Amino acid sequence: MKIQQDHARYKRIVRGKIRQNLRRYMSRGDLIARKGKDLVTIPIPQIEIPRFRFGMKNTGGVSQGDGEPGDSLGPGEQQPGSGQAGDQPGEHQLEAEVTIEELAEIMAEELELPRIQPRGKELIESAKERYTGISPVGPDSLRHFKRTYRRALKRTIASGTYNLDDPVVIPVRQDMRYRTWRIDTQPRSNAVIIYMMDVSGSMGEEQKEIVRIESFWIDTWLQSQYKGIESVYIIHDATARRVDRETFFRTRESGGTMISSAYKLCERILEEEYPAEEWNVYPFHFSDGDNWSVDDTQECIRLLREQLLPAVNMFGYGQVESPYGSGQFIRDLRKTLDEAENLILSEIPNRDSIYDSIRTFLKKGM
Amino acid sequence: MALPKHLAELAGEILEKARKFGLDPFKTIFEVVNYEVMNEIASYGGFPTRYPHWRFGMEYERLSKSHSYGLSKIYEMVINNDPTFAYLLEGNNLVDQKTVMGHVYAHSDFFHHNLFFSHTDRGMMNEMANHAARIRSYAERFGVEKVESFIDICLSLDNLIDIHSPFRVKKRRGKEEEQSGSDGESDPDKVVGIHKLRSKEYMEEYINPREFIDQQRQKLLKEQEQQRRIPARPEQDVLQFLLDHAPLERWQADILSIVREEAFYFAPQMQTKIMNEGWATYWHSRIMTEKALKSSEVVDYAESYSKVVATAPGQFNPYKIGVELFRDIFDRWNKGRFGKEWEECEDIARREAWDLKLGQGNDKIFLVRKLYNDVTFIDEFLTEDFCRRHKLFTFALNRRKNQWEIESREFQQIKEKLLFALTNFGQPTIFVIDANFENRAELLLHHKHQGVDLQTDYSKAVLENLYQIWTRPVNIQTVTDQKGTMLRFDGTEHSERSIDYEPIR
């Protein structure tokens, strides 16, 4: 169809707009709420053609139905109904829907992210048999009766031995037709993301929002890279526990902070459920960098060096800035684990730096 | 796909019935298409071929999404052309197809006979294909991006046309100028051409008093200066003005003229939305209910009809208002419910029983479909009775509560608001008033403010586009929050200042 060309142009323009504004989208949380199973809805500014037009807020219009003056017709954000007299377009912001894969692609282009090379062997996760064709050889159990009969009939008629009064058709070897199948194997690399977050008193709402946005983009990217992906959520203050996603973002504790508790729990979960030889492992830890004691930090460093780093693809540590935190932890990591290639550190002082932080985390393609 | 036999037969039947009612459509060619093609054609504004542009793709995305979510379904489409082309949706049941045919014939009759369509190009089907070919060749020569973004610019100005200009006899510009310029006498009064009454010398002061002559001279001088201005008078056909005066390359001028031509082609459809849909609905309903409907089809027909005329608070359904107004006119002129005596009669009982048995209803509606557009239609035939019967109201935004509310059920307010929404097909009225503004070759536009402000961010974006065409700073006078405002874009930045807003005309 001719329209396909125009449609493709439009799609490219939308992509371009998203790319252009990616930094802004990445610093705001509103995309998260728009995420469905496979689609994200993105509000796009000014893709329509501008014309001189009336400010809708001043106009209103004419309609019909019951009701008294003063009765409500709906909230003020949008023009109620649509199809104004005179065909004025309603005041709506254009929204584009993109698939999560597309979004990840756009993100990869803009952030110049390399594709991830999955570690280790690919697990053959699913093998599906599909009947795809017909062949002259095969096991009897797969004989295609109708086709076989048809060929036999043709041959019988062609050879002139077909007798209407006694329509016996006997298939011979060459008439036989069999179904054939193909095995579609889907090599899947499995990956697990382990989100750990400090929920001690010093982590405020804003800090958690930043973590939420970061995790959205990390999810988006890793989902596009691995077919099967699982997520584990761990919160910690002085002790760590495994929670579901909702609890992860909602919990606020008041205690102190022992980061090692989370790392220990992470290590145990990995060992029990996600062995390194079968899984691509992506732990991300977010905190304001205020650990309880120097000893505990030492313990963390030891855990990272000896247990975690060897077992994971990469370990991301994101440090958000809070008015209470000293932010010491990242400095300690930097000092002692500088040589570790798969430990990636990122400071996220505010929402505007989410963009750069995501890039830092993902640009190595590990 | 050509029409299958059973549908072709149906179309013949319906046409015969339509003709018996007095409809006189163009020859009409139906095609059956599947929903994908229907969506494609609808995205192209009803035409099978348009020039390449992304907005058609955007429309297609919207239509196919809302189709696949089951939110909308396009039953029919019809193009103003001779012959008229119309599309039927494959797989619709026969009742729907019949209804659509009746609807289409009435549209075609309207295109054929309504005055405001008289200047539209009846070979638009071919013309659109020509436009497409021309623009494609430009895209090949100058690059897709370049051509497409120029089209964007043109489209953003395509509501700046004067919908009445096709009806105006073109004045020959050359002649006027010759006459005023050839007068070379030295008498200053004569130069400006003041008409003096003949008088004896001693009476001169009385018959042609000095002050009066001075006053006249001032006025004429001003008029002459006006004549030297470009444009001499405020020009509402901004697109034509740009074609005449903007520094455009040949291909750009051609694209702009294509956009203008298409805008003029579509304008009457916007000018007569209520009437056109009303007329089509009126006749499909009469053809179906009086002639074509089989008893087994009644339920299906009723269901689809009720969807067409459905209303919801906050929505305005032109099909509903249009069809009811035609019915109302039909009834009133049959019963003689018009004229001075009727207007002045306040006796409710007498009004209720009023029936002069004139039987002029049919003639009247045919006359109305010939001579009126939405503005004059509403102005003349929307009555207080009608508003009450159909529960019309106006609504507005309550800023304090930030919600839309029913505002009024007063007849005058309803009529005023409706007429305003329809004037200049709902678009702001904008003129070019000076092409040499501030003596710096800047363009000055004037928004004729009629109570509603422009949306400033959109205005600014349009100015940016206009600058691309004019290549010198562009300005527009308007009113914002009751204060005269000049918006200006100089190629790099926008500015806004207060002015004394002097409405023109």
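The values are calculated or read from the model by the stated rules, or taken from the named source; none is laboratory data. All values reported here derive from a predicted model rather than from experimental measurement. FYI the Cβ positions are ideal-geometry reconstructions off the backbone, even for glycines, and counts take in every protein chain you see.
A few comments on the model shown:
- Members of the range B:375-405 that are facing another protein chain (nearest Cβ under 8 Å), in contact (Cβ under 8 Å) with a residue 12 or more places away in the chain and touching a Phe, Trp or Tyr at 6+ places or on another chain (Cβ under 9 Å): B:392, B:395, B:404
- Residue that is farthest from the other protein chains (Cβ to nearest Cβ) [pool: residues in the range A:1-43 that are within 14 Å of the chain's Cα centre (by Cα) and either touching a residue at least 60 places away in the same chain (Cβ under 8 Å) or assigned to a helix (DSSP H, G or I) (or both)]: A:32
- When we screen B:151, B:194, B:163 for residues that are modelled with pLDDT under 90, within 14 Å of another protein chain (Cβ to nearest Cβ), in contact with a helix residue (DSSP H, G or I) (Cβ under 8 Å, 6 or more places away or on another chain) and buried (at least 16 other Cβ atoms within 10 Å of the Cβ), the only hit is B:163.
- Failed item in (1) modelled with pLDDT of 90 or more; (2) surrounded by fewer than 24 Cβ atoms within 10 Å (Cβ to Cβ), with residue A:263 passing the rest: (2)
- In the range B:53-73, of all residues being within 14 Å of chain A (Cβ to nearest Cβ) and in a loop (DSSP other than H, G, I, E, B), the one that is surrounded by the most Cβ atoms within 10 Å (Cβ to Cβ) corresponds to B:53.
- Of all residues in the range B:406-417 being touching a residue at least 24 places away in the same chain (Cβ under 8 Å) and either at the interface with chain A (Cβ under 8 Å from one of its Cβ atoms) or touching a Lys or Arg at 6+ places or on another chain (Cβ under 9 Å) (or both), the one that is surrounded by the fewest Cβ atoms within 10 Å (Cβ to Cβ): B:411
- Residues that are under 23 Å from residue B:165 (Cα atoms) and without any contact (Cβ under 8 Å) to a residue 60 or more places away in the chain within the range B:429-473 comprise B:443, B:444, B:447, B:448, B:449, B:450, listed in sequence order.
- Only one entry of A:205, A:214 meets the criterion of being outside the structural domain of residue A:102 (by TED's automatic domain parsing), surrounded by fewer than 20 Cβ atoms within 10 Å (Cβ to Cβ) and within 32 Å of the chain's Cα centre (by Cα), and that entry is A:205.
- Flag for residue A:290 being more than 23 Å from the chain's Cα centre (by Cα) and not in a helix (DSSP H, G or I): yes
- Test: residue A:296 is of a type outside the set (A, V, I, L, M) and in contact with a helix residue (DSSP H, G or I) (Cβ under 7 Å, 6 or more places away or on another chain): yes
- Residues of the range A:268-280 satisfying the condition of being assigned to a helix (DSSP H, G or I) and more than 11 Å from residue A:196 (Cβ to Cβ): A:268, A:270, A:271, A:272, A:273
- Residue within the range A:221-232 that is assigned to a helix (DSSP H, G or I) and modelled with pLDDT of 85 or more present: yes
- Subset of the range B:470-481 that is surrounded by fewer than 20 Cβ atoms within 10 Å (Cβ to Cβ) and of a type outside the set (S, T, N, Q) - its residue that is farthest from the other protein chains (Cβ to nearest Cβ): B:472
- Residue within the range A:62-74 that is more than 7 Å from chain B (Cβ to nearest Cβ), part of a strand (DSSP E or B) and modelled with pLDDT of 60 or more present: no
- Some residue of the range B:343-359 being among the small types (Gly, Ala, Ser) and either within 14 Å of chain A (Cβ to nearest Cβ) or under 28 Å from the mean Cα position of the chain (by Cα) (or both): no
- Only one entry of B:445, B:418, B:397 meets the criterion of being closer than 30 Å to residue B:156 by Cα, assigned to a helix (DSSP H, G or I) and of a type outside the set (Asp, Glu), and that entry is B:418.
- Screening the range B:1-47 for residues that are in contact with a helix residue (DSSP H, G or I) (Cβ under 6 Å, 6 or more places away or on another chain) and part of a loop (DSSP other than H, G, I, E, B) and picking the one that is farthest from the other protein chains (Cβ to nearest Cβ) gives B:24.
- Qualifying residue in the range B:273-291 (condition: away from every other protein chain (no Cβ under 14 Å), over 22 Å from residue B:20 (Cα atoms) and among the acidic types (Asp, Glu)): no
This table checks each residue for (1) of a type outside the set (A, V, I, L, M, F, W, C); (2) in contact with a strand residue (DSSP E or B) (Cβ under 9 Å, 6 or more places away or on another chain); (3) not in a strand (DSSP E or B).
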| position | (1), (2), (3) |
| --- | --- |
| B:458 | yes, no, yes |
| B:463 | no, yes, yes |
| B:476 | no, yes, no |
| B:485 | yes, yes, no |
| B:492 | yes, no, yes |
| B:495 | yes, yes, no |
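- Checking residue A:80 against (1) at pLDDT 80 or above; (2) within 7 Å of chain B (Cβ to nearest Cβ), the condition it does not meet: (1)
- Filter result for the condition that a residue is assigned to a strand (DSSP E or B), at negative phi and outside the structural domain of residue A:223 (by TED's automatic domain parsing), over A:179, A:147: A:179
- When residue B:402 is tested against the conditions (1) farther than 22 Å from residue B:284 by Cα; (2) over 25 Å from the mean Cα position of the chain (by Cα); (3) surrounded by 14 or more Cβ atoms within 10 Å (Cβ to Cβ), the lone failure is (3).
- Some residue of the range B:425-441 being within 7 Å of another protein chain (Cβ to nearest Cβ), more than 23 Å from the chain's Cα centre (by Cα) and surrounded by fewer than 22 Cβ atoms within 10 Å (Cβ to Cβ): no
- Residue selected from the range B:249-272 under the condition more than 25 Å from residue B:118 (Cβ to Cβ) and crowded, with 19+ Cβ neighbours inside 10 Å, by the criterion nearest to the other protein chains (Cβ to nearest Cβ): B:255
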